[in-house]
Amino acid sequence: MIFISLCDALVTGGFGNSLIQKKDADDIDFATMLYCGLILSTVLYCLLYFCSPFIATFYDNGILVPVIRVLAIRIPISGVNSIQQARIQKKMDFKKFFFATLGGTIISAVIGIVMAYRGYGVWALVAQYLSNTIIDTIVLFILEGWHPRLVFSFKRAKNLLGFGWKVLAFTMVYTIEGNFRSLVVGKVFGSAELAYYEQGKKFPNVIVSNINTSISKVMFPALALQQDDRDRLKRMCRRSVKTGIFLLAPLLVGLMACADDFVSVILTDKWMSCVPFLRILSIVFLVRPLTTTSQQAILAIGRSDVMLKIELVINILAVSLLVISAFGFRSLILVAWSNVVTETVGLLMFMYYEKRLIQYHLKEQLVDLLPSLFVSLSMGMVVYSIHFIPIVPVVRLFFQVLIGSCTYFMISVLLKMEALKYLLNMMAEKMHIKILYKLIDRM
């Protein structure tokens, strides 16, 4: 998966984003980028195909040869899918994303589970992963109805890649750093410790990815349309930060507070060693809403060069701290904390450039962040105190979730949180719920 992810990042990293950022992109642009992606993905597939024996030797595991060769089929399919997604994002037609993702997720899950029960082992995971991408692409092809023209413009490719290669490089560097961390942890500390580390990262990552990715997919094309109006761009960024942190902070802080019972109930007690990593890495993902907003704003105004410079600095720091923590101190906990340090430095750098490029000042960013963080921490203390009640873990976890949710909502209402009013108003308009209008009027 490390090698598939790296190649996937190369194929999907910059082509689609360059089309979204270009205000007047037409069918010739989309066709040109599609063929660029297919050429690159074919080269990468061939590279992985012939390198798979060397990868298998490195891990001393012969089954990796056929697994990599089959999994790598995803790469050219992802190249097509990224252009389809760019078209849909540009038109802001996100219902098609929903249906494609829903279809791919359900069908591939059934395929994976059935194959696992029938004893196919790792091939169940391969089939699930590959079928998900294939089904997503087919459904988008049917819903979008886009048939690429047999045209290619070298001039347009050059212009689009002038923006796209920097985004691609940024994505590549980011992906390398994330996978290099897992590679080092597995080699230095062993597969068992890597499993605890990855499980600790898994749940906060799922929370953030689902919400943050949804926000960024909508946000980038919306910001790109307003790239010439910096005041409106700034207002949209502030709204995104307030909404993102309001949704994510209570989930991540709550997860940290109930981590012991959560792991015991969901994963069983044999996974309790992942609890420290879950708590530490939740902090890493806590800053993602502001980082993502900064990235989308910088990309929207065409400054992919700034993104690349920041990511290079961050990753030099990340690799340095990783090497010191893993090889110098031989401490996996320090490896996790080094991730927090890296993410914090990256956030500060993005905040600085956001101030320079769209005048979103540090004071304003703190004003948008701190209220939700304060309410979330208050809720977290309440949730953590419930852990000391001597009852069955599954019942305790239920009360932690229930009381935590109610506490966060009530404090937010009392403080008249702007993000809550915005979300309630949006729900009231979409679902026509009268009681929500009454609640909004009282806030």
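Assorted remarks:
- Equivalent-ellipsoid semi-axes of the range 286-326, from the Cα gyration tensor, Å, largest first: 25, 13, 4
- Every pair of different Cα atoms in the range 260-334 enters the Kirkwood calculation, which places the hydrodynamic radius at 15.2 Å.
- Measuring only protein heavy atoms, the 1.4 Å probe finds Val241 accessible over about 0 Å².
- Working note: Cα gyration tensor of the range 16-80, eigenvalues times five, square-rooted, sorted largest first, giving semi-axes of 33, 9, 8 Å.
- Rolled with a 1.4 Å probe across the full set of protein chains, the surface gives Asp136 an accessible area near 30 Å².
- Excluding ligands, DNA and RNA, the accessible surface per residue across the chain is 49 Å² with a 1.4 Å probe.
- Relative contact order (%) - criterion: Cα under 8 Å, at least six apart; region: the chain: 17
- Over 28 Å (Cα to Cα) - which of Lys201/Lys363; Lys187/Lys270; Lys96/Lys309 fall in this group: Lys201/Lys363; Lys96/Lys309
- Helices assigned as whole DSSP H runs in the chain whose Cα atoms extend at least 18 Å along their own long axis and whose mean Kyte-Doolittle hydropathy is 0.5 or higher are found at 27-59, 95-117, 122-144, 154-189, 304-323, 332-358, 362-386, 393-414.
- Lys/Arg +1, Asp/Glu -1 at C-beta; the chain dipole; positive extreme among Leu357, Phe141, Thr342: Leu357
- Compactness of the range 260-419 is given as radius of gyration and Dmax, 19.2, 56 Å, from Cα positions.
- Rg and Dmax [Cα atoms of the range 117-177; Å; Rg one decimal, Dmax integer]: 18.0, 52
- Here the accessible area of the chain is 69 percent carbon and sulfur, with a 1.4 angstrom probe and all protein chains present.
- Paired Rg and Dmax values of the range 321-378, which use every Cα atom, in angstrom: 15.7, 43
- The charge dipole of the chain, taken about its Cα centre with unit charges on the Cβ of Lys, Arg, Asp and Glu (plus for the first two, minus for the last two), comes to roughly 820 debye.
- Considered as an equivalent ellipsoid built on the Cα gyration tensor, the chain has semi-axes of 34, 30, 23 Å, the largest given first.
- Each of His387, His361 has its accessible area taken with a 1.4 Å probe; listed largest first, they run His361, His387.
The values are calculated or read from the model by the stated rules, or taken from the named source; none is laboratory data. Keep in mind that what you see is a predicted model, and the values were worked out from it rather than measured. Neighbour counts run over all protein chains shown; Cβ positions are idealised from the backbone, glycine included. Accessible surface areas use protein heavy atoms only, side chains included; no ligands, DNA or RNA. Shrake-Rupley method; radii C 1.70, N 1.55, O 1.52, S 1.80 Å.
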